Amino acid sequence: MSPLLKLEEIHSYYGKIHALKGVSLEVGEGEIVALLGSNGAGKSTTLKTISGLVPPKSGTLEFGGKNIAGRPPHQVVEAGITHVPEGRRIFGGLTVMENLELGGFTKRKDKAFLKDGIDRSFELFPRLKERKDQLAGTLSGGEQQMLAISRGLMAEPKLLMLDEPSMGLAPIIVQGIMEIIQEINKQGTTVLLIEQNARAALGLADRGYIIETGEIVLHDTAEVLRDDDRIIKAYLGA
Ligand code: ATP
């Protein structure tokens, strides 16, 4: 079976900066795949390339067997991919509810669709229900991350891409977020997860890719990567 997402020899640039130098990776339907690497390695750029924010200069980018390279972000969302960016980017001056409604924007005309999405979010994150009328900017870091993930789920993606969901959160909160990601996956959403916290990510991923200065240097099952201290030390800074 062909993978849900397939990148082959992707090259992406910021002006003259060659950020991705021939990245190839695959995400199968139902998988959780982690993309790991140090600061500036190209993790965020990989997600931005997939979501259409940084269109690739060359290479192939297929989702569900269709070429999506160079499509604008709203079309990528419509194709079934959502991107929860680094730093969460929720709208602090809007309420929790309003942030969720914006996540369902592409299908906004249908009120039932919005309501279903909001109900699902509140089931996953009861905390958000309690705080639904609160301004998002007043939430804790962990709650803001929950909101960012929920907002991403509002479009009912086939593939959810998360950029460093653990960033700036206390270990106990990180653990909770990782469990929720696992639950979202169990409910049928494929996940591509970027993390600097390699141990947390490999704890739930099926497979992992390691990126260094714009190139994939290693990929294997999470089990193999997890148990190899040499790899953890060399690539992930134990
Ligand atoms: P981090 O966790 O720090 O975001 P990363 O692995 O996600 O790291 P990227 O953000 O993808 O790394 O950056 C890859 C390379 O592209 C780096 O050399 C970075 O300096 C460069 N880069 C990223 N964003 C821009 C930009 N907007 N303009 C120019 N260069 C950029």
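The values are calculated or read from the model by the stated rules, or taken from the named source; none is laboratory data. What you are looking at is a predicted structure, and each value in this text was computed from that prediction instead of being measured. Positions of Cβ are generated from backbone atoms using ideal geometry, with glycine treated the same way; all protein chains shown enter the neighbour counts. Each accessible area value is taken on the protein alone, full model and side chains, heavy atoms only, with ligands, DNA and RNA left out. Shrake-Rupley method; radii C 1.70, N 1.55, O 1.52, S 1.80 Å.
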Exactly one of (1) surrounded by fewer than 14 Cβ atoms within 10 Å (Cβ to Cβ); (2) in contact with a Phe, Trp or Tyr (Cβ under 9 Å, 6 or more places away or on another chain) is unmet by Pro126. Its number?
(2)
Out of Leu47, Leu102, which single residue is hydrophobic (A, V, I, L, M, F, W, C), within 15 Å of Ser150 (Cα to Cα) and assigned to a helix (DSSP H, G or I)?
Leu102
Of the residues in the stretch 23-44 that are more than 12 Å from the ligand (Cβ to nearest atom) and in a strand (DSSP E or B), the one that is farthest from Ile216 (Cα to Cα) is Ile32
Which members of the stretch 162-200 meet the condition of being buried (at least 16 other Cβ atoms within 10 Å of the Cβ), away from the ligand (no atom under 15 Å from the Cβ) and β-branched (Val, Ile, Thr)?
Ile173, Val174, Ile177, Ile180, Ile181, Ile184, Thr189, Thr190, Val191
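In the stretch 92-111, is there at least one residue being closer than 19 Å to Met178 by Cβ, open to solvent by less than 30 Å² (accessible area, probe 1.4 Å) and without any contact (Cβ under 8 Å) to a residue 60 or more places away in the chain?
Here is the first cut: in the stretch 92-111, the residues closer than 19 Å to Met178 by Cβ are none.
No, every residue in the stretch 92-111 fails to be closer than 19 Å to Met178 by Cβ, open to solvent by less than 30 Å² (accessible area, probe 1.4 Å) and without any contact (Cβ under 8 Å) to a residue 60 or more places away in the chain.
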For the stretch 32-50, what are the residues that are among the small types (Gly, Ala, Ser) and touching a helix residue (DSSP H, G or I) at 6+ places or on another chain (Cβ under 6 Å)?
Ala34, Gly37
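Please find, among Leu7, Leu20, Leu61, the residue that is within 12 Å of the ligand (Cβ to nearest atom), more than 20 Å from Met154 (Cβ to Cβ) and not in a helix (DSSP H, G or I).
Numbers: Leu7 fails: within 12 Å of the ligand (Cβ to nearest atom); Leu61 fails: within 12 Å of the ligand (Cβ to nearest atom).
Result: Leu20 is the single residue among Leu7, Leu20, Leu61 that is within 12 Å of the ligand (Cβ to nearest atom), more than 20 Å from Met154 (Cβ to Cβ) and not in a helix (DSSP H, G or I).
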Consider Met97 against the criteria (1) assigned to a loop (DSSP other than H, G, I, E, B); (2) touching a Lys or Arg at 6+ places or on another chain (Cβ under 9 Å); (3) hydrophobic (A, V, I, L, M, F, W, C): it satisfies all of them except one. Which criterion is unmet?
(1)
Looking at this structure, is Gly70 outside any strand (DSSP E or B), at positive phi and either open to solvent by 10 Å² or more (accessible area, probe 1.4 Å) or out of contact with any helix residue (DSSP H, G or I) (no Cβ under 9 Å at 6 or more places or on another chain) (or both)?
yes
Need pairs with beta-carbon distance below 9 Å; first residue on the phi > 0 side of the Ramachandran plot and within the stretch 23-45, second of a type in the set (Asp, Glu) and within 13 Å of the ligand (Cβ to nearest atom); sequence gap 6+ or separate chains.
Gly37/Glu212; Gly42/Glu212; Gly42/Glu215
